[in-house]
Ligand SMILES: Cc1cc2nc3c(=O)[nH]c(=O)nc-3n(C[C@H](O)[C@H](O)[C@H](O)COP(=O)(O)OP(=O)(O)OC[C@H]3O[C@@H](n4cnc5c(N)ncnc54)[C@H](O)[C@@H]3O)c2cc1C
């Protein structure tokens, strides 16, 4: 259960982090009447949000997983037609590729799973696959096709939410400002909207305890609620949630328009993603609307070391060539690394932080933060504003997970 918290929609709410999660939350809060200040230590959308692939995908490995992802995809489906061209929306769909009989059985199972939730999905056989995507290896046995999956360019979507979305006039962005620490005003009890009043653009607590933050070189600032959506930076502000960077590499090629029409992913991808502490490599290749081909992906726990690891990069490219042989003929222009914010149990944190009145978190989305941003924003906003949540946050709630961990 989340602690009751009341927020006056006329008071400022601070969001720390202008990634896809923080920006989507700011847009949702503003759309519901709140005035929001968004802090980022760097460029807007310049963290993991700029480092990834921007694949929006349906996954339904469990009803609980589908709740957040399905709702997010529904919200993305409504937003995509309104996004400006720079967001590079491409409704390319996904082909989940089967290399052997076990994969093919998985394709049938996953197709049935998605259909149970009303998502369009089908199994295509080897001959159909060759017809739809001639560049794929000819020994593949088939694929699951999910036509409603899409691709976006996430940093541009962030800029849309913060600067151009319908209520963006209620959002103040403070880029290049690092939040150094969180605290609370003296007193006890949970801050309420009426405890917090405007004072020259800043907020002042009138009693009780209100959350506050301190920027580098700045004074303490008090808000009616503070939302930590700081990606891997969450580890410093809220060490208790144990966010760790999970490193990935991506390679991008020169322009080859029409090389692929779908995002293509090996079916073992989801299994490999949950392989625990070890390095893992899975084929995941995305056609960009520019004609470029984005090649991924891999996972490593390697701290915040940004250097490109030649060994894992070679494994990643070799795996891509296994599924799309002519990738070996493409000119790779650039390879980079990025850090997925990973939680200890692979589930995002969404909700109020116990013991820190007025402080909320939305972080730890690992490799699905773009996909699940909009459902996260809706859920967190429901919680912050004491609205009846449309989906349950039981799986994501820090109150139960942190308290449970303490008892264990
Ligand atoms: C290689 C790779 C491929 C991926 N592919 C996909 C994909 O295809 N589909 C998908 O759904 N997801 C994908 N992801 C995952 C997705 O990118 C992340 O889950 C998502 O971007 C996380 O967003 P965020 O807003 O939590 O974090 P970020 O985007 O990192 O944003 C956090 C922001 O907080 C700021 N910040 C941190 N600390 C502070 C502080 N103290 N003060 C002020 N600001 C601070 C940072 O500067 C940053 O801008 C991929 C990730 C990687 C690395």
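Selection over region 337-357 of residues that are in contact with a helix residue (DSSP H, G or I) (Cβ under 8 Å, 6 or more places away or on another chain) and under 26 Å from residue 210 (Cβ atoms) gives a count of 7.
The lone criterion from (1) within 14 Å of the ligand (Cβ to nearest atom); (2) assigned to a strand (DSSP E or B); (3) surrounded by fewer than 17 Cβ atoms within 10 Å (Cβ to Cβ) left unmet by residue 333 is number (1). Looking at 317, 312, 252, just one residue is assigned to a helix (DSSP H, G or I), surrounded by fewer than 21 Cβ atoms within 10 Å (Cβ to Cβ) and within 14 Å of the ligand (Cβ to nearest atom), and that residue is 312. One residue stands out in region 85-97 among those that are more than 14 Å from residue 114 (Cβ to Cβ) and not in a loop (DSSP other than H, G, I, E, B): the one that is nearest to the ligand (Cβ to nearest atom), namely 90. For region 122-148, taking the residues that are exposed (fewer than 15 other Cβ atoms within 10 Å of the Cβ) and not in a loop (DSSP other than H, G, I, E, B), the one that is nearest to the chain's Cα centre (by Cα) is identified as 122. Return a yes/no flag: does region 200-223 have any residue that is part of a loop (DSSP other than H, G, I, E, B) and modelled with pLDDT of 95 or more. Yes, the conditions are met somewhere in region 200-223. The sole residue among 25, 69 that is in a helix (DSSP H, G or I) and in contact with a strand residue (DSSP E or B) (Cβ under 9 Å, 6 or more places away or on another chain) is 25. Would you check which residues across region 288-309 are more than 24 Å from residue 94 (Cα to Cα) and either surrounded by fewer than 16 Cβ atoms within 10 Å (Cβ to Cβ) or without any contact (Cβ under 8 Å) to a residue 60 or more places away in the chain (or both) and list them? Within region 288-309, 300, 301, 302, 303, 304, 305, 306, 307, 308 qualify.
The rows are residues; the columns are (1) in the same structural domain as residue 129 (by TED's automatic domain parsing); (2) more than 15 Å from the ligand (Cβ to nearest atom); (3) surrounded by fewer than 16 Cβ atoms within 10 Å (Cβ to Cβ); (4) more than 30 Å from residue 133 (Cβ to Cβ).
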site	(1), (2), (3), (4)
27	no, no, no, yes
40	no, no, no, yes
69	no, no, no, no
76	no, no, no, no
79	no, no, no, no
83	no, yes, no, no
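The values are calculated or read from the model by the stated rules, or taken from the named source; none is laboratory data. All of these numbers come straight from a predicted model, not from anything done at the bench. Every residue, glycine as well, gets a Cβ built from its backbone with ideal geometry; the counts of neighbours run over all protein chains shown.
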